1. For the peptides 19-29, 137-147, 68-78, what is the packing order when you average, over each peptide's residues, the other Cβ atoms within 10 Å and list the highest mean first?
2. So how do Val64, Val39 line up by other beta-carbon neighbours within 10 Å, fewest first?
3. Peptides 54-61, 100-107: what's the order by average Cβ count within 10 Å, highest mean first?
4. Given labels modelled 7 Å from the Cα in the Cβ direction, how far is it in nm from Trp71 to Arg143?
5. Please give the length that would be gained between Gln63 and Lys81 if that part of the chain were fully extended, namely 0.36 nm times their separation in residues minus their C-alpha to C-alpha distance (nm, one decimal).
6. Rg over Rh of the range 1-63, using C-alpha atoms and the Kirkwood radius, what does it come to?
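No lab work stands behind these numbers, since they all come straight from the coordinates. All values derive from a computational prediction rather than experimental measurement. Ideal geometry is used to build each Cβ from the backbone, glycine not excepted, and the neighbour counts take in all protein chains shown.
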Amino acid sequence: MFLALRRIHVSASDFPRSRRFYGETLGLPEGGGFENDWVEFALGPLLLKLTPMRPGEVPSRNQVAAVFSTWSLDETITKLKERGVTVTRPPADEFTGRSAEILDPDGYRIIVFQASDLHPDEDWVPTSQIDELVKQKLHARKRREQARTLGGAKKKARRPAPKRAAKKTRPAKRRPAKKATRRPAKRPATKRKPANRPAKRPAKKKTGRRRR
């Protein structure tokens with residue numbers, strides 16, 4: 001019945017505004033278009049075709065318009081917030097990876113997805129084959145981990161035990177020698193000469209005089 005999914009079709013209430021959103025804000029490259037009638041954004045094997053709404057049409061909100069994959073979900077959401085994009089659901093963990101949700105100018109939900117290492121997002125495989133590919137990736141991961149552990153154990157066994165370096169003892173600091181202070185030489189004791197004292201005069205004899 002169907003051959004393939006050809007493109008995603010988004011009807012915009014304000015065509016120039018939505019064109020700037022998908023082209024400039026989200027950074028999708030334009031693959032073709034015709035004036036203000038339609039424009040296609042080429043990214044991967046699918047095309048996103050943007051067309052203006054017909055008179056009387058209303059955007060069907062709460063519907064997922066597209067799912068974009070990214071290498072770093074947190075970095076992408078941070079950049080989109082800086083550009084004024086409305087984030088209705090912050091990054092959250094899922095079985096196959098992590099995802100967040102933003103809105104386009106008409107309120108269409110856009111899912112930004114970061115696949116885990118086990119999810120075959122880059123292989124573009126049908127959903128029916130995902131389980132088998134996840135098993136294969138799990139098996140390959142276990143083999144890599146085993147090879148790493150064995151390789152690490154072999155390297156440790158080959159390495160000789162490191163020699164303990166002898167502790168270097170610092171030489172004791174020598175205190176500077178005190179300078180010898182010369183004491184003045186003692187002079188030999190000299191006998192002091194007795195001072196020349198005046199000779200004692202002989203005492204005068206008292207002579208008794210008679211009073212007359």
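1. Most protected by this proxy first, the peptides run 19-29, 68-78, 137-147.
2. Result, fewest neighbours first: Val64, Val39.
3. Output ranking for 54-61, 100-107: 100-107, 54-61.
4. So the label points at Trp71 and Arg143 sit 2.7 nm apart.
5. 4.4 nm
6. So for the range 1-63, dividing Rg by the Kirkwood Rh gives 0.98.
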